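Here's the structure, in structure tokens; my notes come after.
The values are calculated or read from the model by the stated rules, or taken from the named source; none is laboratory data. On a predicted model such as this, the values are computed, not experimentally measured, just so you know. FYI the Cβ positions are ideal-geometry reconstructions off the backbone, even for glycines, and counts take in every protein chain you see.
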């Protein structure tokens, strides 16, 4: 019996996650009774009520679940969003979810914003290193608030961290029959840390002669993605560049409302989340797009060993888009609930 932790979080997360779970249960049919979903309170409301974000024991208890589903974290009532950092970055770092897996695929020609490009041109996957780089918080301020202030942010790259994400990207390429893989860095300017990426990449490439692998500077990568995304199948990069590149990838597929992600450690904990953010300006108005959440649950089914139902959820979202039943962000007029009902009808 799969045991799933559910953390809707803040803003529209509290709308799209319940919506996506109802669609998942429709896809599971009679098997839904075998699944256990445990709601967790972590989010802005919980922090404001208790003064706590997530305790060390609560964080470690997440290891006992087969999967963790997260909505969105961010609330203007907590201006520094410390709860989002403690919970989301905390999960990535403390549970060592080093692989951020972001498939980018367009489900409709009409949603691709590039001239003379269609859905067939946008189908690639980004592997983002999730635990190192500039997101470790190493750094500080000297003489803060004065005219002489110095701010230092340090990027951390370890041989272990770089090698394991590169190997995971290659393993995926081999497993899925992909033939092209790109590693993106800025080794021409960041010679130490990104020189490590170049050296490790070159070593791992030697083990995969059947794959056309090359390194690109990240500025060239984003240029090429806009010029012709069809040339890419698998991309691997560091934490900061992965954050930026995957937002561009979301735009190519139609918008953040469609963007799904998996965060995992192979053989260990795994967390799934849509990446559109909490969007407090539209929360509670029925405008939120649940498709990114549904596609995130499709990724969850895939990793839990149910590729048939995973494909069914993706196909249901595609049929719903083709029918023109979409929320405002995709050019439609449907409400969150109307989109949910349409996807549920289209599951099989």
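Points worth noting:
- Qualifying residue in the range 181-188 (condition: under 17 Å from residue 242 (Cα atoms) and part of a helix (DSSP H, G or I)): no
- Residue count for the range 198-212, restricted to those that are without any contact (Cβ under 8 Å) to a residue 40 or more places away in the chain and not in a helix (DSSP H, G or I): 6.
- Between 163, 207, 233, 212, the distinction of being modelled with pLDDT of 95 or more and within 16 Å of residue 123 (Cα to Cα) belongs to 233 only.
- Yes/no for residue 198 being within 25 Å of the chain's Cα centre (by Cα) and exposed (fewer than 12 other Cβ atoms within 10 Å of the Cβ): no
- Just one of the listed residues (74, 43) is crowded, with 18+ Cβ neighbours inside 10 Å, in contact with a helix residue (DSSP H, G or I) (Cβ under 6 Å, 6 or more places away or on another chain) and within 30 Å of residue 342 (Cβ to Cβ), and it is 74.
- Scanning the range 292-330 for residues that are under 13 Å from residue 257 (Cα atoms), more than 20 Å from the chain's Cα centre (by Cα) and in contact (Cβ under 8 Å) with a residue 60 or more places away in the chain gives 321, 327.
- Qualifying residue in the range 328-341 (condition: in contact with a helix residue (DSSP H, G or I) (Cβ under 6 Å, 6 or more places away or on another chain) and more than 25 Å from residue 124 (Cα to Cα)): yes
- Taking residues in the range 138-162 that are surrounded by 10 or more Cβ atoms within 10 Å (Cβ to Cβ), and partners anywhere that are modelled with pLDDT under 95 and not in a loop (DSSP other than H, G, I, E, B), not one pair has Cβ atoms closer than 9 Å while being at least 6 places apart or on different chains.
- Among all residues of the range 131-153, there is none that is at pLDDT 95 or above, farther than 30 Å from residue 51 by Cα and touching a helix residue (DSSP H, G or I) at 6+ places or on another chain (Cβ under 7 Å).
- Taken together, the residues in the range 312-326 that are in contact with a helix residue (DSSP H, G or I) (Cβ under 6 Å, 6 or more places away or on another chain) and in a loop (DSSP other than H, G, I, E, B) amount to 1.
- Single residue of 286, 268 found to be surrounded by fewer than 17 Cβ atoms within 10 Å (Cβ to Cβ), in the same structural domain as residue 6 (by TED's automatic domain parsing) and at positive phi: 286
- Failed item in (1) more than 30 Å from residue 158 (Cα to Cα); (2) touching a helix residue (DSSP H, G or I) at 6+ places or on another chain (Cβ under 9 Å), with residue 222 passing the rest: (1)
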